[in-house]
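Below is one structure; the comments refer to it alone.
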Amino acid sequence: MKFGKRIKEQIQESLPEWRDKFLRYKELKNLISSPDPAEFIFIGLLNSEIEKFNAFFVEQEEDFIIHHKVLQYRIQRLVEKYGDNDDETFREEIGEIRKDIVNFHGEMVLLVSYSNINYTGLAKILKKYDRRSGGALRSPFVQKVLHQPFFKTDLVSRLVREWETTIDAVFPASNAEAERGYERSAAVSSAAAGEGIFRNTVAALVTMREMRRGSSTYSALSLPPVNLYDLDLVLQPIHIPSPILS
């Protein structure tokens, strides 16, 4: 699949409020296709896009840190409130927290995908520009991108792993009945998110996996590192461990 179509699908599968935050790949491609693409205009547009990515990514990352602490507090309060008393009220409250964790996990995965697809788009459009102009803009520009905030997904990836650990700890599926309950809860969570996060997260993960499988190279000039973990494992049903409760 051509990258232009892939990024268009990814934008459509993203959260509505994120859709104007992606790379304007088609606009850049059209600029390259003009009879005499001006380098200063092209570079100016790329720099503007990077500023957009950074502002959006940093804002989301800061929100995630706050949300992370709020969820930790909610779980701790619930444990202090109920202890080992597993009554109906406890199950309702823990179910609500679980739904929030699943949605939070999904948003973070989407942000990692956002970073990956925009980086890949930049690398590809620079390659097209160099091929058409005979220049060598791609390598130095990509090296600059490697130091941009939107490229550095380590913190978000770490939070993703922590909350997967938390789900396993707080919602263990130790037997068949618990596993069936988990599956029902996941279905309820995704339904509660509407068109939302669960479906979009899976779509984003599939896109990342297909992009990497479709590339013969994994250098900094082709695809960014995926900081999550093995994508095939991520695409299996999510189970959430955590030293957070200690």
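The values are calculated or read from the model by the stated rules, or taken from the named source; none is laboratory data. Given the structure is predicted, the values throughout are model-derived calculations rather than measurements. Heads up, the Cβs are rebuilt from the backbone with ideal geometry, glycines too, and the neighbour counts pull from every protein chain shown. Heavy atoms of the whole protein, side chains included, go into the accessibility calculation; ligands, DNA and RNA do not. Shrake-Rupley method; radii C 1.70, N 1.55, O 1.52, S 1.80 Å.
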Check your understanding: Of Gln76, Gln12, Gln60, which residue is in a helix (DSSP H, G or I), closer than 22 Å to Asn116 by Cα, of a type in the set (S, T, N, Q) and at pLDDT below 90?
Key -> Gln12
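Give the residues of segment 138-162 that are assigned to a helix (DSSP H, G or I) and in contact with a Ser or Thr (Cβ under 7 Å, 6 or more places away or on another chain), sorted by residue number.
Here is the first cut: in segment 138-162, the ones assigned to a helix (DSSP H, G or I) are 138-145, 149-151, 154-162.
Passing the criteria: Phe150, Phe151, Glu162.
Return yes when Gln10 is of a type outside the set (A, V, I, L, M) and open to solvent by 30 Å² or more (accessible area, probe 1.4 Å) and no when it is not.
Working: of a type outside the set (A, V, I, L, M): yes; open to solvent by 30 Å² or more (accessible area, probe 1.4 Å): no.
Considered against the rule, which asks whether it is of a type outside the set (A, V, I, L, M) and open to solvent by 30 Å² or more (accessible area, probe 1.4 Å), Gln10 comes out as no.
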Check your understanding: What are the pairs, 6+ residues apart or on separate chains, where a residue within segment 159-170 that is among the hydroxyl-bearing types (Ser, Thr, Tyr) has its Cβ under 8 Å from a residue that is not in a helix (DSSP H, G or I)?
Key -> Thr165/Ile240; Thr165/Pro241; Thr165/Ser242; Thr166/Ile240; Thr166/Pro241; Thr166/Ser242
Study note, to complete from the structure: So, first residue more than 13 Å from Lys152 (Cα to Cα) in segment 103-117, second residue of a type in the set (Asp, Glu) and open to solvent by 10 Å² or more (accessible area, probe 1.4 Å), Cβ within less than 7 Å, six or more apart or across chains; the pairs are His105/Glu164
Review point. Across segment 20-44, what is the total count of residues that are part of a loop (DSSP other than H, G, I, E, B) and acidic (Asp, Glu)?
Key: 2
Exercise for review: Could you tell me whether segment 111-119 includes any residue that is surrounded by fewer than 16 Cβ atoms within 10 Å (Cβ to Cβ) and assigned to a helix (DSSP H, G or I)?
Suggested key: no
